[in-house]
Structures are given as structure tokens and as C-alpha cells.
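Data first, discussion second: the structure below is written as C-alpha cells.
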Amino acid sequence: MNPDVVPGARPGTQLLLLEDDPAIAQTVQFALQREGFHVEICGWLHEARARLSAGAPAAAILDVGLPDGSGLDLCRELRAGPLAHLPILMLSARSEEMDKVLGLELGADDYLAKPFSPRELVARVRALLRRAATPPPAAAAPAGLAQAFVLEGEGSRLRFHGELLQLTRRELGLLLKLLEAPQRIHSRELLLDAVWGQDADSSDRTVDTHIKTLRAKLRALRPELDPIRTHRGLGYSLE
Ligand code: CA
């Protein structure tokens, strides 16, 4: 057995890659095929539509900027059709497009901003397939989080898996803000506004620092969990 092949991908798992840049497409294909996936590349939107209508892959990786349209449109179409539950990872070079992916809630499961490392992409695809294979869909994550975090003392204390968290006021504020809409990505600006308000001494770094201490406190209680997710350049969400 090849020691480089991490177990997990069932050999021959079919993936669709919609990417018009041949260099990126080949790098991604190579990285995924090394891990046992079978990757079909489409360079055009119409090609991907035709391919998807012929049968569903295990997951689709969609670039946003394509010569005959936008991957965002395809994502929206898929979510409205028979492939509504197809795991989708979006790729884009432009962060404003990613804002659209998230802001318009087009239904992509994840995204990667270019440039990305093939290793990161493989990890994201694996996570996508793992989530897709785990039953209770849709409401599962928020319900799980609601069970993990229990608010007490009229919102002044928070328990994490039954254990009382020793949080500063700002850390508690951050966590409560994230819990309001766990799967939404909260930008640093939004979190600053919500938790620090007009406090003149705060900056984006302030948020990062507090997220770091918050993570450490959660990890101290449940080392195997890391519910705060960092979205590089965009902000934070809960998982
Ligand atoms: Ca492109």
C-alpha cells in the first residue's frame, strides 16, 4: 500500500471539477487522484451542466469565473434541482465573489480562495464527503451546537458540553454573536461592532486575539473539538 495515500477516499469516488484554467485543473486533478479519487474535468459551464444531467458525482468543485458564465449560477441551479444535496466546493480568485457565495447563500457547502494548496483542497473535499455521508442533514449542525452550548444566568454564563466556561465579557460576547447564526461567516468588522461597539482601541487583531483565547478555553475542556472555524480573509463561523 502506498504510504502517501491517506485512507478515507473510497477508490474511484467520482468528482466533477469545473475549472477553465488548465494548470489549476491539472494540479487539482493530480492531487485528488493521488488520493484515490476519480476526477472529471470540465472547462465550460455548459459541459458541466451536460455532465451533471447525465449522473451525479460524489461532489462537485466549481470555479466561479468561467468563459461561458459563472459557477455561482450552476451552484444555484443545482440547489434548486434534483441534485440539491450534491456537496459543492466553490473556487474563486476574487474575495468579492466569495462574499456573494456566502452572502447570497447560494448553497455551496464550502469554498476555497485562490491560490490554495492542493493539500488544503483535498482536505476540504474529504470533509465535504464526510459531512455528506453523515446522516442527519440540514438542521444537524445548529442542533448539535445548541446542545453543546447552554446559556445560564440570564445570558451571563455559558456551559460547553456541561462544563462552565470561564470567559471574559468580550469572549462571551463573541461566542454569543457566533451562536446567533452559527454557520454564517462573521467578518471581523461585524464582530468588532457587535462586541466592542465604539471602543476606540480595538482593531481586527483584537478579534483574532480574543478568538485565540476563546479557542484555547474550549480546547481545554474538549480537546477533540474545535468548533470555531477560521475563514481566511473573511472571518469566523461555528461548526
Ligand atoms: Ca476561472
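The values are calculated or read from the model by the stated rules, or taken from the named source; none is laboratory data. All figures in this text were calculated on a predicted structure; none of them were measured in a lab. Virtual Cβ from ideal backbone geometry, glycine too; neighbours counted across all protein chains shown. Keep in mind that these areas ignore ligands, DNA and RNA; they rest on the heavy atoms of the full protein, side chains included. Shrake-Rupley method; radii C 1.70, N 1.55, O 1.52, S 1.80 Å.
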Q: Please work out the FRET efficiency for the pair residue 14 and residue 190, using the Cβ-Cβ distance as r and a Förster radius of 41 Å; give the result to the nearest 0.05.
A: 0.60
Q | Sequence-distant residues sharing a close amide H with residue 231 (under 5 Å, placed H) | A | 236, 237
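Taking all protein chains in place and a 1.4 Å probe, what share, in percent, of the accessible surface of region 189-239 do carbon and sulfur account for? Display every interim value, and only then the final one.
Working: 1470 of 3010 Å².
Using a 1.4 Å probe with all protein chains present, region 189-239 comes out at 49 percent carbon and sulfur.
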